[in-house]
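Here's the structure we're looking at; comments come further down.
The values are calculated or read from the model by the stated rules, or taken from the named source; none is laboratory data. Quick caveat: nothing in here was measured; it's all calculated off a predicted structure. In this analysis, Cβ positions are derived from the backbone assuming ideal geometry, glycine residues included, and neighbour counts consider all displayed protein chains.
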């Protein structure tokens with residue numbers, strides 16, 4: 001599997017079908033693998049935490065470009081990325097595969113309940129407290145719930161980079177779970193709790209504008225800070 005570097009960040013040259021195929025192979029071979037999405041916000045956060053960035057790249061089976069701006073930035077690399085792998089599309093493909101056993105961790109009880117009713121693949125759900133860091137007692141509770149569910153795929157929806165950090169630190173304790181993916185707001189979108197951007201906006205790289213329209217108070221500051229941080233990263237990588 002080929003990869004490239006986008007502003008010093010590894011990104012793998014894969015399609016949506018490639019990633020889904022690797023998910024299926026992981027389960028068939030009973031081999032634990034982590035799959036991580038990369039967008040501008042995650043790229044910025046990783047560059048602020050060098051130690052975790054290194055670990056993140058080391059343990060990931062696949063790091064896929066979940067955002068058209070990442071594709072744009074790859075034009076300056078040796079191996080240009082050709083397509084986006086939308087995390088919401090990957091999540092939907094997984095949940096529609098009835099042969100999978102999927103545990104959903106995060107989001108809200110309402111969203112999880114809707115997802116469980118909608119997708120037969122869901123074998124367990126849990127919405128833990130919205131803490132920045134879960135205490136040890138809560139961590140063990142989560143691991144126990146996932147282990148008892150019989151899940152072979154774990155989808156974590158608690159936001160970047162909390163979901164990736166939890167997977168890196170704890171996924172190896174789930175011996176019967178072979179695929180771990182951080183899915184962000186994908187569950188909210190798939191059950192209709194959050195409307196999804198039109199295909200034209202997604203394909204043109206303007207999905208962020210749709211999200212800003214939906215949640216201006218939460219996202220204006222984040223997007224502005226991400227933009228400033230991105231400019232700094234670009235400057236450091238081209239000088």
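When residue 184 is tested against (1) modelled with pLDDT of 85 or more; (2) loosely packed, with under 13 Cβ neighbours inside 10 Å, just one condition goes unmet, and that condition is (2). When the criteria are applied in full, residue 159 meets the requirement of being closer than 21 Å to residue 115 by Cα and either at pLDDT below 95 or touching a strand residue (DSSP E or B) at 6+ places or on another chain (Cβ under 8 Å) (or both).
Among the residues of the range 128-137, are any free of Cβ contacts under 8 Å to residues at least 60 places away in the same chain, out of contact with any strand residue (DSSP E or B) (no Cβ under 6 Å at 6 or more places or on another chain) and under 18 Å from residue 179 (Cα atoms)? Checking the range 128-137: not a single residue is free of Cβ contacts under 8 Å to residues at least 60 places away in the same chain, out of contact with any strand residue (DSSP E or B) (no Cβ under 6 Å at 6 or more places or on another chain) and under 18 Å from residue 179 (Cα atoms). Here the strands (runs of 3 or more DSSP E) wholly within the range 1-87 that include at least 2 residues being under 27 Å from residue 219 (Cβ atoms) are 9-12, 33-38, 60-65.
Only residues that are in a loop (DSSP other than H, G, I, E, B) and either over 17 Å from residue 160 (Cβ atoms) or touching a helix residue (DSSP H, G or I) at 6+ places or on another chain (Cβ under 6 Å) (or both): list them for the range 195-226, please. 195, 196, 197, 198, 204, 205, 206 - these are the residues of the range 195-226 that are in a loop (DSSP other than H, G, I, E, B) and either over 17 Å from residue 160 (Cβ atoms) or touching a helix residue (DSSP H, G or I) at 6+ places or on another chain (Cβ under 6 Å) (or both). Taking the listed residues 61, 25, the one that is without any contact (Cβ under 8 Å) to a residue 60 or more places away in the chain and in contact with a strand residue (DSSP E or B) (Cβ under 8 Å, 6 or more places away or on another chain) is 61, with no other qualifying. How many residues are surrounded by 21 or more Cβ atoms within 10 Å (Cβ to Cβ) and part of a loop (DSSP other than H, G, I, E, B) when one looks only at the range 88-111? The number of residues fulfilling the criteria is 2. Screening the candidates 145, 116 for the property of being surrounded by 13 or more Cβ atoms within 10 Å (Cβ to Cβ), under 16 Å from residue 91 (Cα atoms) and out of contact with any helix residue (DSSP H, G or I) (no Cβ under 7 Å at 6 or more places or on another chain) yields one hit, 116.
Residue 7 meets all of the listed conditions (1) modelled with pLDDT of 95 or more; (2) over 16 Å from residue 167 (Cα atoms) but one, namely (1). Among the residues of the range 218-237, is any within 29 Å of residue 23 (Cβ to Cβ), out of contact with any strand residue (DSSP E or B) (no Cβ under 7 Å at 6 or more places or on another chain) and exposed (fewer than 15 other Cβ atoms within 10 Å of the Cβ)? No, there is no match, as no residue in the range 218-237 is within 29 Å of residue 23 (Cβ to Cβ), out of contact with any strand residue (DSSP E or B) (no Cβ under 7 Å at 6 or more places or on another chain) and exposed (fewer than 15 other Cβ atoms within 10 Å of the Cβ). Restricting attention to the range 131-142, does a residue exist that is closer than 26 Å to residue 12 by Cβ and either modelled with pLDDT under 95 or buried (at least 20 other Cβ atoms within 10 Å of the Cβ) (or both)? Scanning the range 131-142, I find no residue that is closer than 26 Å to residue 12 by Cβ and either modelled with pLDDT under 95 or buried (at least 20 other Cβ atoms within 10 Å of the Cβ) (or both), so the answer is no.
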